[in-house]
Amino acid sequence: ATERTLSIIKPDATKRNLTGKIVSKFEDAGLRVVASKRIHLSPAQAGAFYAEHAERPFYGELVDFMSSQPVVVQVLEGEGAILKNREVMGATDPAEAAAGTIRKDFAVSKGENSVHGSDSPESAAREIAFFFSGLELVG
Ligand code: CMP
């Protein structure tokens, strides 16, 4: 089925001018960018987005990092988009990511791992609504 998923190009990647190269990998895999914006998250906004991780030991580091520099938030659409996006991203830890994936090619570490993608249909719905109104999604 056609799905939509929320993608974030993280500060380590926007800082190194990797936005275009990352979007190319999504497009080459058949995902379409149906919404896109570059924003600088406040710590409160980053904290709210990652609220499910609030009890994790890396939460403070994650919030600091995600609010340190601009990010590019996008909605990607395509057949099985949620899983496809995760395949193109590769494993969370770049040391474990497969060849050709975004994280293998570009990520610095587990924390500075260049991209975020929704992990389920429920997360995708919540995360898309966190950043975009229906009018901003142009399929
Ligand atoms: P993301 O998909 O954005 O969702 C939660 C993020 O937490 C994850 O990607 C990682 O970047 C980050 N994360 C996971 N484990 C660690 C860790 N051990 N140290 C720092 N950050 C982490």
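Looking at region 1-38 only, could you name the residues that are part of a loop (DSSP other than H, G, I, E, B), touching a residue at least 24 places away in the same chain (Cβ under 8 Å) and open to solvent by 70 Å² or more (accessible area, probe 1.4 Å)? Answer for region 1-38, where residues must be part of a loop (DSSP other than H, G, I, E, B), touching a residue at least 24 places away in the same chain (Cβ under 8 Å) and open to solvent by 70 Å² or more (accessible area, probe 1.4 Å): A1, R16. All conditions in (1) in contact with a strand residue (DSSP E or B) (Cβ under 6 Å, 6 or more places away or on another chain); (2) at pLDDT 95 or above; (3) within 16 Å of L6 (Cα to Cα) hold for G139, with the sole exception of (2). Residues of region 98-119 that are within 12 Å of the ligand (Cβ to nearest atom) and either among the charged types (D, E, K, R) or out of contact with any strand residue (DSSP E or B) (no Cβ under 9 Å at 6 or more places or on another chain) (or both): R103, V108, S109, K110, G111, E112, N113, D119.
For F26, the conditions (1) over 20 Å from E122 (Cα atoms); (2) touching a Pro at 6+ places or on another chain (Cβ under 9 Å) all hold with the exception of (2). Just one of the listed residues (E55, E61) is outside any helix (DSSP H, G or I), surrounded by fewer than 17 Cβ atoms within 10 Å (Cβ to Cβ), within 14 Å of the ligand (Cβ to nearest atom) and modelled with pLDDT of 95 or more, namely E55.
The values are calculated or read from the model by the stated rules, or taken from the named source; none is laboratory data. Keep in mind it's a predicted model, so treat the numbers as computed, not measured. All Cβ positions, glycine included, derive from the backbone under ideal geometry; neighbour counts span all protein chains shown. To get the accessible areas, we keep the full protein, side chains included, count just its heavy atoms, and leave off ligands, DNA and RNA. Shrake-Rupley method; radii C 1.70, N 1.55, O 1.52, S 1.80 Å.
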